[in-house]
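This report refers to the structure that appears directly beneath it.
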Amino acid sequence: MDQIGFADFERVDIRVGTVVAAEPFPQARKPAFKLQIDFGPEIGVKKSSAQITVHYTPETLVGRQVAAVVNFPPRQIGPFMSEVLTLGFPDANGAVVLIGPSLPVPNGGKLF
């Protein structure tokens, strides 16, 4: 694996936000949810398409804090414009497990 410098890491803006809305995304090629995530007053509410249907339901997502990359360009996914990349790790079967803080933190906090 290629090594990167600290300056490269600093260019990736990873922030914490709270899911304020989640709904099924039946038009996606792979099962997914459409999320609205509140990143606080500096960034606001952003939309994300996330393939997280194995371990989560819309009801369990609302109110959950998640980590996301907020400085990628928006990406059109079918009829939906995804503005941030919600982050997770694969479980033993490859299904996404979301990452987020273990204790509540202010929305918009930057990963360091």
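The values are calculated or read from the model by the stated rules, or taken from the named source; none is laboratory data. Since the model is a prediction, treat every value here as computed from it, not as a measurement. Cβ placement follows ideal geometry from the backbone for every residue including glycine, while neighbour counts extend to all protein chains displayed. Heads up: the accessible areas ignore ligands, DNA and RNA and are worked out on the full protein's heavy atoms, side chains in. Shrake-Rupley method; radii C 1.70, N 1.55, O 1.52, S 1.80 Å.
Going by what's in this entry, would E59 be described as of a type in the set (D, E), modelled with pLDDT of 95 or more and touching a helix residue (DSSP H, G or I) at 6+ places or on another chain (Cβ under 7 Å)? Talk me through it step by step, then tell me what you get.
On the way: of a type in the set (D, E): yes; modelled with pLDDT of 95 or more: yes; touching a helix residue (DSSP H, G or I) at 6+ places or on another chain (Cβ under 7 Å): no.
Against the criterion (of a type in the set (D, E), modelled with pLDDT of 95 or more and touching a helix residue (DSSP H, G or I) at 6+ places or on another chain (Cβ under 7 Å)), E59 does not qualify.
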Quick check on my filter: what residues within the range 79-112 are open to solvent by 40 Å² or more (accessible area, probe 1.4 Å), under 13 Å from the mean Cα position of the chain (by Cα) and among the small types (G, A, S)? G100
Being within 12 Å of the chain's Cα centre (by Cα) and open to solvent by 30 Å² or more (accessible area, probe 1.4 Å) is the filter here, so list the residues in the range 30-44 that pass it. K34, Q36, D38
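Among the residues of the range 52-72, is any acidic (D, E), open to solvent by less than 80 Å² (accessible area, probe 1.4 Å) and either under 15 Å from E23 (Cβ atoms) or under 14 Å from the mean Cα position of the chain (by Cα) (or both)?
Of all residues in the range 52-72, those acidic (D, E) come to 59.
Checking which are open to solvent by less than 80 Å² (accessible area, probe 1.4 Å) leaves us with none.
No; the residues of the range 52-72 include none that is acidic (D, E), open to solvent by less than 80 Å² (accessible area, probe 1.4 Å) and either under 15 Å from E23 (Cβ atoms) or under 14 Å from the mean Cα position of the chain (by Cα) (or both).
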Among the numbered conditions (1) modelled with pLDDT under 95; (2) on the phi > 0 side of the Ramachandran plot, tell me where P79 comes up short. (2)
Search result, residues across the range 2-32 that are touching a helix residue (DSSP H, G or I) at 6+ places or on another chain (Cβ under 6 Å) and of a type in the set (A, V, I, L, M, F, W, C): V19, A22
I'd like the residue in the range 5-29 that is surrounded by 12 or more Cβ atoms within 10 Å (Cβ to Cβ) and among the aliphatic types (A, V, I, L, M) and, out of all such residues, is farthest from V105 (Cα to Cα). A28
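Go over the candidates G88, G100, G109 one by one and state the one that is touching a Leu at 6+ places or on another chain (Cβ under 6 Å), under 21 Å from D13 (Cβ atoms) and at pLDDT 95 or above. Walk me through it before giving the result.
Values: G100 fails: touching a Leu at 6+ places or on another chain (Cβ under 6 Å); G109 fails: touching a Leu at 6+ places or on another chain (Cβ under 6 Å).
When all the criteria are applied, what remains is G88.
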In the range 40-68, what count of residues is obtained for those that are of a type in the set (S, T, N, Q) and in contact with a Gly (Cβ under 6 Å, 6 or more places away or on another chain)? 1
